[in-house]
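S.K.: Structure provided below as structure tokens; questions to follow.
The values are calculated or read from the model by the stated rules, or taken from the named source; none is laboratory data. Predicted model only: the values in this text are computed from it and were never measured. A quick note on method: Cβ atoms are made from the backbone with ideal geometry, for glycine too, and the neighbour counts reach across all protein chains shown. For the accessible areas, the whole protein counts, side chains as well, though only heavy atoms, and no ligand, DNA or RNA atoms are used. Shrake-Rupley method; radii C 1.70, N 1.55, O 1.52, S 1.80 Å.
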Amino acid sequence: EERCLDAVWTIIQESKQKGQPVAGLVVEPIQAEGGDHHASNTFFRQLQRIAKDNDAAMIVDEVQTGVGLTGRMWAHEHWGLEEPPDFVTFAKKMLIGGYYYKDEFRPQGGYRIINTWVGDPAKLVLLEAVIRVIEGDRLLENMRETGQVLLEGLRTLENKYPDLLSGARGQGSFCAVDFPTETSRNKAIRALRNRGVQAGGCGERTVRCRPALIFQPHHAEIFLDIFDSVLAPGDL
């Protein structure tokens with residue numbers, strides 16, 4: 001993490017010297033497509049300080065991590081930042097793609113930012129209903145409780161099959177585990193699908209878990225049992 005922060009600082013300083021100051025830093029709370037890579041809360045707090053010290057906006061990409069899967073509405077809430085990010089992008093569970101930002105970044109004058117649907121008000125009506133269900137049905141708490149079962153189960157399987165699984169990790173129900181090779185990972189995904197589990201990969205050799213917010217502890221146990229049955233033959 002220190003190496004990465006030093007690299008960010010160096011890039012910013014070099015850009016300044018070229019007369020091209022960095023306007024903003026974009027970061028995912030969990031580097032999802034790259035293989036579910038996590039960083040510490042301290043890393044993100046230091047990154048925000050670097051951005052602030054260099055007059056660069058901190059832009060948090062919550063397209064995958066936002067709206068509950070990590071156990072908080074926004075994954076950056078886990079970080080304990082001194083102040084909110086300057087921008088947060090969202091999509092997927094929000095039913096609409098967009099971003100929100102601090103007042104100081106509000107464009108001067110109307111229609112500086114515009115698109116065909118101008119925010120698509122009809123989708124916002126649907127989104128209000130989604131948020132009411134998330135709050136009323138305690139779905140954030142559900143993701144924390146389910147995630148604990150899911151991650152503990154993945155670690156149990158990791159210990160049971162050390163030649164096949166490693167690096168079980170997660171935040172809330174946003175979980176993942178690694179296989180030794182891309183080939184073995186892909187075989188496992190196909191086998192899971194043949195047993196009724198829609199699974200996906202990311203990075204070079206990772207299987208990721210991206211359940212719906214209504215996914216409950218007993219669903220996690222069903223998945224873990226099926227995953228165990230895929231691993232047991234030892235032919236991956």
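S.K.: Probe of 1.4 angstrom, ligands and nucleic acids ignored: what's the accessible area per residue over the chain, in square angstrom?
M.R.: Each residue of the chain exposes 56 Å² on average to a 1.4 Å probe.
S.K.: I'd like the Karplus ³J(HN,Hα) series for the range 129-136: coefficients 6.51, -1.76, 1.60, θ = phi - 60°, whole numbers in Hz, and an x wherever there's a Gly or Pro.
M.R.: Those phi angles translate into 5, 4, 5, 4, 5, 4, 6, x Hz.
S.K.: Return the FRET efficiency for the residue pair Ala91, Asp228: r is the Cβ-Cβ distance, R0 is 30 Å, and the value is rounded to the nearest 0.05.
M.R.: So, using R0 = 30 Å, E works out to roughly 0.35.
S.K.: Something else about it: Could you size up the charge dipole of the chain around its Cα centre, putting +1 on the beta carbon of Lys and Arg and -1 on that of Asp and Glu, and report it in debye to the nearest 20?
M.R.: Computed charge dipole of the chain: roughly 500 debye.
S.K.: Now a separate question. With point charges of +1 on the Cβ of Lys and Arg and -1 on the Cβ of Asp and Glu, referenced to the Cα centre of the range 61-121, which listed residue (Trp117, Ala75, Thr65) lies farthest in the positive direction of the dipole?
M.R.: So the residue we want is Trp117.
S.K.: Report, by chain and number, residues whose modeled amide H sits under 5 Å from the one on Gly200, excluding near sequence neighbours (fewer than 5 apart, same chain).
M.R.: Arg208
S.K.: Measure nothing but the geometry: give the 0 to 90° angle between the long axis through the Cα atoms of 2-17 and the longest principal axis through the Cα atoms of the chain, rounded to 10°.
M.R.: Tilt of helix 2-17: around 30 degrees.
S.K.: A follow-up question, please. Just from its helices, what would the mean residue ellipticity at 222 nm be for the chain, if runs of 4 or more DSSP H residues each count -39500 (n - 2.57) and the sum is divided by every residue, rounded to the nearest 500 deg cm²/dmol?
M.R.: -13500 deg cm²/dmol
S.K.: Net charge around Gly153, counting only other residues with Cβ within less than 11 Å of its Cβ (Lys, Arg = +1; Asp, Glu = -1)?
M.R.: With Lys, Arg at +1 and Asp, Glu at -1, the net is -3.
S.K.: Moving on to the next point. Given the Cα-Cα distance of Gln108 and Glu152 and 0.36 nm per residue of separation, how much length would full extension add, in nm?
M.R.: My answer for the length gained is 10.8 nm.
S.K.: Also, quick follow-up: Name the residues whose placed amide hydrogens come within less than 5 Å of the amide hydrogen of Cys175, ignoring near sequence neighbours (fewer than 5 apart) on the same chain.
M.R.: Under 5 Å from the amide H of Cys175 lie the amide H atoms of Cys209, each far enough along the sequence or on another chain.
S.K.: Please list, or write none, the aspartates and glutamates whose alpha carbon is within less than 19 Å of the alpha carbon of Lys16, excluding same-chain residues fewer than 8 places away.
M.R.: List returned: Asp6, Asp53, Asp55.
S.K.: Just how large is the dipole of the range 43-171 about the Cα centre, in debye to the nearest 20, putting +1 at every Lys and Arg Cβ and -1 at every Asp and Glu Cβ?
M.R.: 180
S.K.: Using a 1.4 Å probe over the heavy atoms of the protein chains, calculate the carbon and sulfur portion of the accessible area of the range 27-128 as a whole percent.
M.R.: 53
S.K.: With contacts defined as alpha carbon pairs under 8 Å and 6 or more residues apart, what's the relative contact order of the range 150-236 in percent?
M.R.: Relative contact order here is 29 percent.
S.K.: Please work through the chain and write down the cysteines that have no neighbouring cysteine Cβ at a distance under 4.7 Å.
M.R.: Singleton cysteines: Cys4, Cys202.
S.K.: May I pose another question? Can you pick out the pairs among Lys160/Lys187; Lys52/Lys102; Lys92/Lys187; Lys92/Lys123 whose Cα atoms lie more than 23 Å from each other?
M.R.: Lys92/Lys187
S.K.: Helix 182-194 versus the longest principal axis of the chain: what angle, 0 to 90°, nearest 10, using Cα atoms?
M.R.: Taking Cα atoms only, the helix is inclined about 70 degrees.
S.K.: To continue, here is another question. For labels at Glu221 and Asn54 in the simple 7 Å Cα→Cβ model, what's the distance in nm?
M.R.: Result for the modelled spin labels: 5.0 nm.
S.K.: Multiplying the sequence separation of Ala212 and Glu128 by 0.36 nm and subtracting their Cα-Cα distance, what value in nm do you get?
M.R.: 28.5 nm
S.K.: Between 0 and 90 degrees, rounded to the nearest ten: what's the tilt of helix 139-160 against the longest Cα principal axis of the chain?
M.R.: Long axis of 139-160 versus the principal axis of the chain: about 50 degrees.
S.K.: Roughly how far apart, in whole Å, are the Cα centres of the range 5-72 and the range 110-136?
M.R.: First find each Cα centre; the distance between them is then 26 Å.
S.K.: Next up: Note down the net charge around Leu126, summing +1 for each Lys or Arg and -1 for each Asp or Glu among other residues with Cβ under 13 Å from its Cβ.
M.R.: Summing Lys and Arg as +1 and Asp and Glu as -1 gives +1.
S.K.: What per residue convex hull volume, in Å³, comes out for the range 101-236 when only alpha-carbon positions are used?
M.R.: For the range 101-236, the hull spanned by Cα atoms encloses 171 Å³ per residue.
S.K.: Normalised by the residues of the chain, what does the relative contact order come to in percent, with Cα pairs under 8 Å and at least six apart?
M.R.: About 17 percent, as a whole number.
S.K.: On to the next question. Based on the Cα atoms of the chain, what semi-axes does the equivalent ellipsoid have, where each is the square root of 5 times one gyration tensor eigenvalue, given in whole Å with the largest first?
M.R.: The three semi-axes for the chain are 35, 24, 15 Å.
S.K.: Taking 22 Å as R0, compute the FRET efficiency from the Cβ-Cβ separation of Asn159 and Val197 and round it to 0.05.
M.R.: The calculated FRET efficiency here is 0.55.
S.K.: If you don't mind, another one. At 25 °C and a viscosity of 0.890 mPa s, what translational diffusion coefficient does Stokes-Einstein give for the range 143-187, taking Rh as the Kirkwood radius over Cα pairs? Give it in µm²/s as a whole number.
M.R.: Answer from the Stokes-Einstein relation: 229 µm²/s.
S.K.: Using the Cα centre of the range 136-180 as the reference point, and only Cβ charges (+1 on K/R, -1 on D/E), how large is the resulting charge dipole? Debye, rounded to the nearest 20.
M.R.: Here the range 136-180 has a charge dipole of around 40 debye.
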